[in-house]
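Read through the structure below, which is laid out as structure tokens, and then see the notes.
The values are calculated or read from the model by the stated rules, or taken from the named source; none is laboratory data. If you're wondering where the values come from, they're calculated on a predicted model, not measured in any experiment. Don't worry about glycine lacking a Cβ; one is built from the backbone with ideal geometry, like all the others, and counts go over all protein chains shown. Side chains are part of the model used for accessible areas, which takes the heavy atoms of the whole protein and leaves out ligands, DNA and RNA. Shrake-Rupley method; radii C 1.70, N 1.55, O 1.52, S 1.80 Å.
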Amino acid sequence: MVDTFSKETRSYVMSRIKCKDTKPEIIVRSYLFSRGLRFRKNDKRYPGSPDIVLPKYKTIVFVHGCFWHLHEGCKYARIPKSNVDYWEKKLYRNRERDKHNQKELEKMGWNVITVWECELKKDNVEQTLEDLYAQITSKL
């Protein structure tokens, strides 16, 4: 399948995709802050530059997009139909990197929690955030 955009337009479109301060990240951070938790964001000192680092609770939270991190069993995680070889390599590499980073952080003694973009959709966002808060605070 041929790309509908020129190479320059595709490059521009891809450059606009954010890797931090995404809408799902902001939802999670706003909720945790409103519940009184204080954290560091996108801390480069740790493997994977975690989205949220809560040192007091020795907990790290990653907020992953279902497409970019290839969330298993999720309807939003699918390989595009054009340039399949490229996308398969890229997305599976992302997934492997995530697993490696999680193992490294756990070796360092961190509790690692992943929140998926699909869990933050309107119908279950409140429950997801409450469960996340309970997971974080139960570690004290």
Residues satisfying the stated conditions in region 79-116, i.e. hydroxyl-bearing (Ser, Thr, Tyr) and either touching a residue at least 24 places away in the same chain (Cβ under 8 Å) or in a strand (DSSP E or B) (or both): Ser82, Thr114
Residue under evaluation Gly48, criteria (1) open to solvent by less than 100 Å² (accessible area, probe 1.4 Å); (2) part of a loop (DSSP other than H, G, I, E, B); (3) out of contact with any helix residue (DSSP H, G or I) (no Cβ under 8 Å at 6 or more places or on another chain); (4) under 25 Å from Ile113 (Cβ atoms), criterion not met: (3)
Residue in region 53-62 that is outside any loop (DSSP other than H, G, I, E, B), closer than 17 Å to Lys20 by Cβ and touching a Cys at 6+ places or on another chain (Cβ under 8 Å) present: no
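Let's see how each residue does on (1) touching a helix residue (DSSP H, G or I) at 6+ places or on another chain (Cβ under 6 Å); (2) crowded, with 19+ Cβ neighbours inside 10 Å; (3) in contact (Cβ under 8 Å) with a residue 24 or more places away in the chain; (4) among the hydrophobic types (A, V, I, L, M, F, W, C):
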position	(1), (2), (3), (4)
Thr9	no, no, no, no
Arg16	no, no, no, no
Arg35	yes, no, yes, no
Lys44	no, no, no, no
Val61	no, yes, yes, yes
Gly65	yes, yes, yes, no
Options Lys99, Lys20: the member that is under 14 Å from Ile113 (Cα atoms) and open to solvent by 90 Å² or more (accessible area, probe 1.4 Å): Lys99
Flag if Ser30 is over 12 Å from the mean Cα position of the chain (by Cα), within 21 Å of Asp131 (Cβ to Cβ), in a helix (DSSP H, G or I) and of a type outside the set (Phe, Trp, Tyr): yes
Flag if Gly109 is within 20 Å of Ser30 (Cα to Cα) and either open to solvent by less than 80 Å² (accessible area, probe 1.4 Å) or modelled with pLDDT of 95 or more (or both): no
